[in-house]
Structures are given as structure tokens and as C-alpha cells.
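Everything on this sheet refers to the single structure shown next.
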Amino acid sequence: VVTIDPDRLLTDLRRLRRFGAVDQGVVRQSLTPIDLEARDWLRRRMADAGLDATIDGVGNVIGRSPTDGPALLIGSHADTQPTGGWLDGALGVIYGLEIARAFIQRTDGPPLAVDAVAWVDEEGTFGSCLGSRSYCGLTTSDELATAKNADGVTLTEAWRAAGLDGVAARPEPGRYRGYLEAHIEQGASLERDGNQIGVVTEIVGSRNIAIGFLGQQNHAGTTPMHLRRDAATALVELAHTINLEFRRLAGSATVWTIGRMTVAPGAASIIPGTAEMHLQFRDPDLGRLETLEAVTLQLIDDANADGVVDVTATPSIAPVNPTKLDEELASHLAAAAEQVAGSRWVAMPSAAVHDAMFLAEVMPAAMLFVPSIGGISHDFAENTRDEDIVLGCEALAAAAESILRGEPTAG
Ligand SMILES: [Zn+2]
């Protein structure tokens, strides 16, 4: 059985944190000088481990095992949010490094191939999951040509400044048995239920709808109520109706958010003439996602027909459908979780987007979660107990071995 080195794992995880460390957290946005330093360090760590390590033209760090396939690709993203936690992405990257290293150094079993990867820009500094989508051939030249960060720096400029040519590595044909990604849960359900490992069954899909309201701006004192076309009132009423309807239709994993509301011109003595709100909802079930979307559009139609304010809907971002992860790979993860954590593991959907969503389009993909203390993520306070970090890596390594050996699982 392959064995990982817990001290080496935790040491490398803490070393990666030093690139951009602020308090307990990390500021390491994609393609910044500190991110490029971290990538070069990762490349060297992979090379030290005996992997053939390169940084591709978009910034992905890939460490190829010298062993012939079938291989597993294991990793996650090495970039962070503008103010990020130290484990989001980094955990899965260092798991990939440690497991690839453990397989290379092992002397008591057959040689098995594990390649490690650290994707660039999962967090969307220039484009969400940019590195993994580039690797999978799921970006458009249009998108890449127009992408820029919050400071207005274009992706093309950032690549040029980093000495990168913008051409991604692609999966080596015939090499991969699949992709495994470990990640912190970024939610509180594992901790709440006393579980140490989550085996991810699917990644939720999402819909975003921008809803616009056009009334008539007017004097708040002289305009009688029955003559008003108040955009803000129409917004508040529709938001309330959506909340009531969604509560009725929601499943246990449905979440919805009105994350943005604006009222113009926004003065105490002016009846708002225009208003806008942004509704986002997520669900692991495609059917429910489509029902919620249809219901929203119907409610908007009704508001339009019944009221004095014009209401319009604009789907603001491309719809994301739920991604079913590979059942066979997941059954190996489940068996390995049982082996290291006994009954303290659970099958669960992922409520957040991950690189594995896109890898799943080009090869079988599976994911493993470890608990987040207090469910906190995308925050400097993000953390996971050392014991859980080590246990998750042991489970992933054991699963990698049984997958590569082609061992059947009991389930
Ligand atoms: Zn992440």
C-alpha cells in the first residue's frame, strides 16, 4: 500500500502559504508576481520529486510522472481570491504533489503513474477556471482576447509580462484514467455531522438572472399614490414573491441569492424611476434548476402584465448545468474513505464550482472534500485540522492506488 508522508505534506502546504501570506490567509491572485513565484516553486518541488515538471503557456504547472500510463492526474488550483484562505486550491495541489511523490518513491509495489497539476486562475481574476478550461479546450479566442482583471490589465498583457505565450498544454492522448481533485468543503456540513471526508457525487449548476424595472421618476411629495410608477416598489414585491415561490419549490440543496439591488436615482424625495436586481440560484438537480428558471420568468411576466412598471429579464451569465462526477472513480474514493475514516465519511454534492467540472468533460473525474473549520472559506480565517488534512490525503492516495491497479470496489 502506498504511504504518504504527513510531515512532508504539511510542510509543503505551509511553504506554499508563504507566497502571499497575510495573517493566516493568502493574497495570491493569478499571474501576479507572487503567484508566478509560487508556480515556479511548485515546478521545482515537482521536479525534486522526480516528475517532469513544466509551466505551460497559460500558467498551469504540470508534473508528469516518468511512469507509463494509464495515469491519474491529481491537483487543484494554486491561485486565491483577492483576500483568500490558505487551503482553497492549495490543499488539492499539495495532495497531488505528495501522492505523485509517494508513488515515485515507493519500492514495494508496481510502478503506477500519478501526474500532479496546479491550475491557474480558478478564482476568476481573468476568467473563472481559466487554466483548467484552457487545458480542456473549453475557452474561446474571443473570451481570451477580451479578458481583463479588476485593474483593467488584459490577460494578454499579463501573460506577456509573465513570459507566457497563452498556449495551454492539452491532455496527452490515451494517457489518463481520470482526474482526482481534493478540496476543502467551504461549507459546514462535514463538521456539523462529525464527518472527516466527503465524496462528491455532483457539482451544482447555477442560473443568474438580472431583472430590470422601468417606471417613472417623479416628485415624492406631489405625486399621488395611484399615479405612481415606482420601480423600487415593483422590485421589492417581485423579490418577495420569488422568495415565497422558491421556498415552496426548493430541495434540500437549493440555494438562492439576490446579491445585488440598485434603485435610481436613490434619493429620499424622488420616486425611483429605474431599479435592478440580480437573482442567482444553484441546485444539483437540472430539472429543478430549469423549473426555478421557468417560474422566475413566469413571475416576471405576471409582474409585467399586472403592474404599472415594465419588468425585463436578462440572463446575465451563461447557464451552468450540474456536473455528474464519475461513479466508478467515486466508488474507489468511497472505499478508501471507509478504510481510513471508518463511518465518518459521506457522499455529498458540491455547492461550489471547481476545476473538476471542466475536466469531467474530457476524462472521468471525481472529487474528495475535507472539513472546513466553522464552514469558513474565501476568508483569511479559513482552516482545517491537521489531522483531517492528513486523513484526506491518505484516502486520496489509497483511492489512486486501487484505481490504477484496476481493483474492483465492493459497491
Ligand atoms: Zn477553490
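In region 386-411, how many residues are under 18 Å from residue 199 (Cα atoms), open to solvent by 40 Å² or more (accessible area, probe 1.4 Å) and either among the basic types (Lys, Arg) or modelled with pLDDT of 95 or more (or both)?
Number satisfying all stated conditions: 2.
Those residues that are within 25 Å of residue 46 (Cβ to Cβ), open to solvent by 10 Å² or more (accessible area, probe 1.4 Å) and part of a loop (DSSP other than H, G, I, E, B), I need them from region 136-163; list them, please.
Within region 136-163, 137, 138, 139, 162, 163 meet the criteria.
In contact with a strand residue (DSSP E or B) (Cβ under 8 Å, 6 or more places away or on another chain), open to solvent by less than 10 Å² (accessible area, probe 1.4 Å), in a helix (DSSP H, G or I) and more than 18 Å from residue 136 (Cβ to Cβ): is that true of residue 16 in this structure?
Judged against the criteria, residue 16 is not a match.
Restricting the search to region 164-192, which residues are part of a loop (DSSP other than H, G, I, E, B), away from the ligand (no atom under 16 Å from the Cβ) and under 30 Å from residue 351 (Cβ atoms)?
Answer for region 164-192, where residues must be part of a loop (DSSP other than H, G, I, E, B), away from the ligand (no atom under 16 Å from the Cβ) and under 30 Å from residue 351 (Cβ atoms): 168, 169, 170, 171, 188.
Output the number of residues of region 20-41 satisfying the condition of being among the aliphatic types (A, V, I, L, M) and surrounded by 22 or more Cβ atoms within 10 Å (Cβ to Cβ).
Qualifying residue count for the region: 3.
Can you list residue pairs whose Cβ atoms sit under 6 Å apart, with the first residue in region 305-324 being under 18 Å from residue 355 (Cβ atoms) and the second being open to solvent by less than 80 Å² (accessible area, probe 1.4 Å) and aliphatic (A, V, I, L, M)? Count only pairs 6 or more apart in sequence or on different chains.
Pairs that qualify, where the first residue is under 18 Å from residue 355 (Cβ atoms) and the partner is open to solvent by less than 80 Å² (accessible area, probe 1.4 Å) and aliphatic (A, V, I, L, M), are 321/286; 322/204; 322/286; 323/203; 323/357; 323/360.
Which numbered condition trips up residue 70, out of (1) farther than 23 Å from residue 133 by Cβ; (2) without any contact (Cβ under 8 Å) to a residue 24 or more places away in the chain; (3) surrounded by fewer than 20 Cβ atoms within 10 Å (Cβ to Cβ)?
Against the list (1) farther than 23 Å from residue 133 by Cβ; (2) without any contact (Cβ under 8 Å) to a residue 24 or more places away in the chain; (3) surrounded by fewer than 20 Cβ atoms within 10 Å (Cβ to Cβ), residue 70 comes up short only on (2).
Please give the strands (runs of 3 or more DSSP E) falling wholly within region 49-135 in which 3 or more residues are among the acidic types (Asp, Glu) and under 29 Å from residue 383 (Cβ atoms).
Passing ranges: none, list empty.
Against the condition of a type in the set (Gly, Ala, Ser), touching a residue at least 12 places away in the same chain (Cβ under 8 Å) and either surrounded by fewer than 24 Cβ atoms within 10 Å (Cβ to Cβ) or in contact with a Pro (Cβ under 8 Å, 6 or more places away or on another chain) (or both), how does residue 59 come out, does it pass?
no
Can you find a residue in region 102-118 that is touching a His at 6+ places or on another chain (Cβ under 8 Å), open to solvent by less than 10 Å² (accessible area, probe 1.4 Å) and modelled with pLDDT of 95 or more?
Yes - at least one qualifying residue is present in region 102-118.
For every residue, the table says whether it meets (1) touching a helix residue (DSSP H, G or I) at 6+ places or on another chain (Cβ under 9 Å); (2) among the β-branched types (Val, Ile, Thr).
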position	(1), (2)
236	no, yes
250	yes, no
269	no, no
277	yes, no
307	yes, no
311	yes, yes
314	no, yes
321	yes, no
325	yes, no
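The values are calculated or read from the model by the stated rules, or taken from the named source; none is laboratory data. Keep in mind the model is a prediction, meaning the values are calculated, not measured. Cβ sites come from the backbone with ideal geometry, for glycine too, and all protein chains shown count toward neighbours. With ligands, DNA and RNA removed, areas are computed over all heavy atoms of the protein, side chains included. Shrake-Rupley method; radii C 1.70, N 1.55, O 1.52, S 1.80 Å.
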